[in-house]
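This report concerns only the one structure given below.
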Amino acid sequence: YERIDPFFRDYLKTYGYYDVFLICKAHGHVMYTAEREDDLGTNLKIGPLRDSGLAKLWSRVLKEKKVAIVDFSHYAPSNGAAAFIGAPVTGADGEIYAVMALQISTEAINAIMQERAGMGKTGETYLVGPDFLMRSDSRFDKESSILNKKVDTVAVRRALEDKEGIGVIEDYRGVKVLSCYSHLGLNKKLGTNFDWVIVSEIDEAEAFAPIRALGLKVLWAGLIVIVLACLLGYFSARSIARPLKEVSGVVKQVADGDL
């Protein structure tokens, strides 16, 4: 433990994972964990965590003999949602002796999803799973939204049908938003047995505010042009009417024999 612990702690710090596990092949004993939570020493085959995401990952890696990922689920030792990725550990003879697993950090996911550049005051981007529950935290919630906030909107339903697009919809807050959505294709790209969708939204009022402002500017500019045109026409008409009136007066005097 003293020999491998510094290496794995540096690994977690460098790559931003929450925890790392070394699990024996034979019985699913958690032989090592950097965080040393209640999962240390447990048996994933028959112990209290036998139905956890970590146990499912251990079983799947041994069955498929390759890298595997399991979706978020509640993980009691961490008292929150957790997703795991793992790979088989083989010896010089090519035999699998253990499973190495990593617990994906929700903070790392949120750091990407909650990037605010170009999103204005009301914009946000989030992930949703096939159960319509969030897989990243909402910037509008103080508590964690992962597996707690349900988002059953038109955008999410279309994205779960492997569609992508953009449109004005009502979001999970009941607010009209401009929504852009797509599926991530994790099942096709990484071989997972699940997929997530990604949704970027901004309140309709904020999204179209520049267009409305531009429309008002165009309207005012148009009104000014019309007024100027009317004034120009008025003064032009007066400048033309004055000599015509004078000419008309002279013609009248000639006709009357006054000139």
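The values are calculated or read from the model by the stated rules, or taken from the named source; none is laboratory data. On a predicted model such as this, the values are computed, not experimentally measured, just so you know. Using ideal geometry, Cβ is built from the backbone for each residue, glycine included, and neighbour counts are taken over all protein chains shown. When the accessible area is computed, the model is the full protein with side chains, heavy atoms only, and any ligands, DNA or RNA have been set aside. Shrake-Rupley method; radii C 1.70, N 1.55, O 1.52, S 1.80 Å.
Which of the following residues is over 30 Å from SER59 (Cα atoms) and at pLDDT below 90: ALA155, ALA108, ALA117?
ALA117
Just give me the residues in the range 88-100 being in contact (Cβ under 8 Å) with a residue 24 or more places away in the chain and surrounded by fewer than 18 Cβ atoms within 10 Å (Cβ to Cβ), in sequence order.
VAL89, ILE96, TYR97, MET100
Would you say ILE85 is open to solvent by 30 Å² or more (accessible area, probe 1.4 Å) and free of Cβ contacts under 8 Å to residues at least 24 places away in the same chain?
The answer is no for ILE85.
I'm told LYS25 meets every condition in (1) more than 25 Å from ILE112 (Cβ to Cβ); (2) under 31 Å from the mean Cα position of the chain (by Cα); (3) of a type outside the set (Asp, Glu) except one. Can you identify the failing condition by its number?
(2)
Among (1) surrounded by 14 or more Cβ atoms within 10 Å (Cβ to Cβ); (2) of a type in the set (D, E, K, R); (3) on the phi > 0 side of the Ramachandran plot, which single condition is LYS65 missing?
Failing condition for LYS65: (1).
Going through GLU64, GLU107 one at a time, which residue ends up being out of contact with any strand residue (DSSP E or B) (no Cβ under 8 Å at 6 or more places or on another chain) and under 18 Å from PHE194 (Cβ atoms)?
One residue alone meets the criteria, GLU64.
One line per residue, one yes/no per condition, for (1) more than 26 Å from VAL70 (Cα to Cα); (2) of a type outside the set (Ser, Thr, Tyr):
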position	(1), (2)
ARG135	no, yes
SER144	no, no
LEU184	no, yes
ALA207	yes, yes
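For LYS45, work out the one condition from (1) open to solvent by 90 Å² or more (accessible area, probe 1.4 Å); (2) at pLDDT 95 or above it doesn't fulfil.
The number of the failed condition is (2).
Kindly indicate the residue of the range 101-156 that is over 19 Å from SER179 (Cα atoms) and touching a helix residue (DSSP H, G or I) at 6+ places or on another chain (Cβ under 9 Å) and also surrounded by the fewest Cβ atoms within 10 Å (Cβ to Cβ) among those meeting that condition.
Only one residue tops the list, namely ALA108.
Counting only residues that are in contact (Cβ under 8 Å) with a residue 12 or more places away in the chain and among the β-branched types (Val, Ile, Thr), which one in the range 6-25 is farthest from TYR97 (Cα to Cα)?
In this case the residue turns out to be VAL20.
For the range 61-165, which strands (runs of 3 or more DSSP E) that fit wholly inside it have 2 or more residues that are over 21 Å from the mean Cα position of the chain (by Cα)?
Those strands (runs of 3 or more DSSP E) span 68-75, 80-90, 96-104.
Could you check the range 19-31 and list, in sequence order, the residues that are open to solvent by 80 Å² or more (accessible area, probe 1.4 Å) and out of contact with any Lys or Arg (no Cβ under 8 Å at 6 or more places or on another chain)?
LYS25, MET31
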